[in-house]
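Chemist: Have a look at the structure that comes next, please.
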Amino acid sequence: MVGVLIIIVLLVVAGLVYVGMRDNPNRDPLQERLAQFGERELPDSLEEIELSLPFKDRVLLPVLRRLAGILTRFTPEKQLEETRKQIELAGLAGSMEPTTFFAMRIGATIGLGLLAFMVFFVLSPKRDPNALLYTVGGAALGYFFPVLWLKGKISRRQDGIVKNLPDALDLLTICVEAGLGFDQAMGKVYEKWDNDLAIGFGRVLREIQLGKSRREAMRDMSDRMGVPDVTAFVAAVIQADQLGVSMTKILRVQSDQMRVKRRQRAQEKAHQAPVKMMIPMVLLIFPSLWIVLLGPAVVFLLESGVMGKF
């Protein structure tokens, strides 16, 4: 029970470390500072401006980022590229850099390591022989917690893209059949919705406006999402563009296929539900039922002395 409590406390602390260090992509620090000083007199010096910032932005994050910058100098380029790729798959490319992610890992490692040290070495009345092992385990948990968080965010983003793709294809098909071009149809999807798939279409349009070809922009979009359904859709659109096939027919076929795939995924999860339910039923529900049903009988047998004869 003590070990479970410790694990829960460490997980909560890791979550607090992440919440305290994460950067809000919708927050503009410059606008916030301008709004703060717009309602008051001009500051007397730069020192007053710096002291008005929170402790996290003034001290903690710069120190961690500098440590992460030193660490990245000794980090292989391949690992940096993999981290940047994971950040792009999570949809955090505009708000997080690999150095920021490494800073999160360093902060979580140091924080959980110090917490475990305080719990098992300083605050413990009797030193546990496994205290050093628990401290190392807390530091290791802090080191790997940001990686698990990033993988979870990637999984949730990809699941959302898969769910929204059939509806987006329906809207694209309707717009193209109504006479709009494919780029204009993507613009309608970007205007109507506010999800990761629509944001990806909007980025494709901006890249095309900046001079990138549609083929390269859509391939980059599929690479940023890492979803097989999006990759198949992009390949079909590029092939139709190269061969001169009607875009309406391609979109109609892709829309029907995506809806069939979504129905098949729902059926697959429905068939997996009984198997997944069996583990909690066997471990949690059945023992409770046995205790409720057979408990009084066992107590009656013990009191009657029948069990003693055996």
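Chemist: Out of Tyr190, Tyr143, I need the residue that is in contact with a helix residue (DSSP H, G or I) (Cβ under 9 Å, 6 or more places away or on another chain), among the aromatic types (Phe, Trp, Tyr) and not assigned by TED's automatic domain parsing to the domain that holds Thr109. Which one?
Modeler: Tyr190 is the lone residue from the list that is in contact with a helix residue (DSSP H, G or I) (Cβ under 9 Å, 6 or more places away or on another chain), among the aromatic types (Phe, Trp, Tyr) and not assigned by TED's automatic domain parsing to the domain that holds Thr109.
Chemist: Can you confirm whether the range 156-174 contains a residue that is more than 29 Å from the chain's Cα centre (by Cα) and part of a helix (DSSP H, G or I)?
Modeler: Within the range 156-174 (the criterion being more than 29 Å from the chain's Cα centre (by Cα) and part of a helix (DSSP H, G or I)), the answer is yes, since at least one residue qualifies.
Chemist: I'd like to check something: does the range 241-249 contain any residue that is touching a residue at least 60 places away in the same chain (Cβ under 8 Å) and surrounded by 10 or more Cβ atoms within 10 Å (Cβ to Cβ)?
Modeler: Yes, the conditions are met somewhere in the range 241-249.
Chemist: Of the residues that make up the range 181-188, is at least one surrounded by fewer than 19 Cβ atoms within 10 Å (Cβ to Cβ) and touching a Ser or Thr at 6+ places or on another chain (Cβ under 8 Å)?
Modeler: No: zero hits.
Chemist: Can you name the condition, by its number, that Val245 falls short on among (1) out of contact with any Lys or Arg (no Cβ under 6 Å at 6 or more places or on another chain); (2) among the aliphatic types (A, V, I, L, M); (3) in a helix (DSSP H, G or I)?
Modeler: Of the numbered conditions (1) out of contact with any Lys or Arg (no Cβ under 6 Å at 6 or more places or on another chain); (2) among the aliphatic types (A, V, I, L, M); (3) in a helix (DSSP H, G or I), the odd one out for Val245 is (3).
The values are calculated or read from the model by the stated rules, or taken from the named source; none is laboratory data. No experiment lies behind these values; they were computed from the predicted model shown. Don't worry about glycine lacking a Cβ; one is built from the backbone with ideal geometry, like all the others, and counts go over all protein chains shown.
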